[in-house]
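Q: This is the structure I want to talk about, given as structure tokens.
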Amino acid sequence: MMNRYKSVPVTLLFLFFATAAVLAQSNSGETTFRSNCAMCHGIDGSGNTPAGEHFGAPDFRGVKVKGLTDVQIKQVIADGRKTMPAYGKRLSADQIKELVQYIRELQK
């Protein structure tokens, strides 16, 4: 009976780290968005910020952005467009992919 309880702390530790890894992965798009995009595009993706209004940041929830494919959004993030700078050298391909997923979440 004592041996059975020795594995409980190890199992709990494994579950803690597995859960933490999943949560970190699921929040990484949001974290990247908040630190790189929200200044212009707003926390909600509306573009309703002083910088967003000045530079003409689009509302991610609007029809125009919803109509873009994921590939098109990735390209805009990586290469920039008009007044938006390119992030292809600052962010990894995985970070850009996570940003696209997060933008799609904002659209719901």
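Q: How charged is the neighbourhood of residue 101? Take every other residue with its Cβ under 11 Å from the Cβ of residue 101, and add Lys/Arg as +1 and Asp/Glu as -1. Please list the in-between numbers first.
A: On the way: positive: 74, 97, 104; negative: 30, 70, 94, 98, 105.
For residues surrounding residue 101, the net value is -2.
Q: Right, another one. If each residue's Cβ is checked for other Cβ atoms within 10 Å, how do 54, 41 rank with the fewest at the top?
A: Values: 54 10, 41 25.
Ranked by crowding around the Cβ, least crowded first: 54, 41.
Q: Below 18 Å, Cα to Cα, which lysines can residue 64 reach? Residues fewer than 8 away in the same chain don't count.
A: 74, 82, 108
Q: Which residues' amide hydrogens lie under 5 Å from the amide hydrogen of residue 48, considering only partners 5 or more residues apart or on another chain, with H built in the peptide plane?
A: It is none; the list stays empty.
Just so you know, all these numbers are worked out from the coordinates, no wet-lab data involved. Here the structure is a predicted model, which is why all the values come from computation and not from measurement. Backbone-built Cβ (ideal geometry, glycine too); neighbour counts: all protein chains shown.
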